[in-house]
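Participant: I have a structure I would like to understand better, so I am pasting it below and will then ask my questions one at a time.
The values are calculated or read from the model by the stated rules, or taken from the named source; none is laboratory data. Here the structure is a predicted model, which means the values were calculated and not measured. FYI the Cβ positions are ideal-geometry reconstructions off the backbone, even for glycines, and counts take in every protein chain you see.
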Amino acid sequence: MPRGSKDKYTEQQKRKAEHIEETYQEKGVSDGEAEARAWATVNKQSGGGERSGGSGEKKSPQQKRKDASRSARRAVATKRGEPRKDRPLESETKQELLQKARAKNIRGRSSMRKQELVQALKKAS
C-alpha cells in the first residue's frame with residue numbers, strides 16, 4: 001500500500017497512476033499491490049510529486065548553472081588521460097600512480113599496491 005499524501009502530485013500524474021493501477025487489476029493483481037506498483041511506476045518515470053516541496057522538486061535554473069560550472073571546472077582540472085599535477089602522491093589515484101611509475105620505468109609496478117607505488121615513486125625521485 002502506498003504511503004503518504006498524493007497532494008503533491010500533478011493531475012496528470014494522478015491520472016497516469018490510476019490508469020496503471022487499472023491495468024494491473026485487469027491482470028489479476030490485488031488492489032493494494034496494484035496501487036503500490038502504479039505509484040512506484042509514476043515516481044520512477046517522473047521523479048515523484050512535482051509541486052513545490054515534493055520529493056521530486058526540480059532544481060532551480062541557478063542551481064543547474066552552479067552544478068554545470070562545477071563539473072566544467074572538474075573537467076578542465078583533469079584532462080583526459082593525464083595525471084593531475086601539484087598534488088601529494090598519497091592523494092592521487094592508483095591509475096595516476098601507475099602512469100607515473102611507468103614513465104619512470106619502475107620494475108614490478110603492476111603488482112604493487114597503492115602505498116607501495118607511492119614509496120617507489122618517492123624513492124625514484
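Participant: Checking the conditions here, which among S71, S52, S91 is modelled with pLDDT under 90, surrounded by fewer than 12 Cβ atoms within 10 Å (Cβ to Cβ) and in the same structural domain as S5 (by TED's automatic domain parsing)?
Facilitator: From the options S71, S52, S91, the qualifying one is S52.
Participant: What tally of residues in the range 31-49 results from selecting those that are touching a Phe, Trp or Tyr at 6+ places or on another chain (Cβ under 9 Å) and either at pLDDT below 65 or not in a helix (DSSP H, G or I) (or both)?
Facilitator: Of the residues in the range 31-49, 2 are touching a Phe, Trp or Tyr at 6+ places or on another chain (Cβ under 9 Å) and either at pLDDT below 65 or not in a helix (DSSP H, G or I) (or both).
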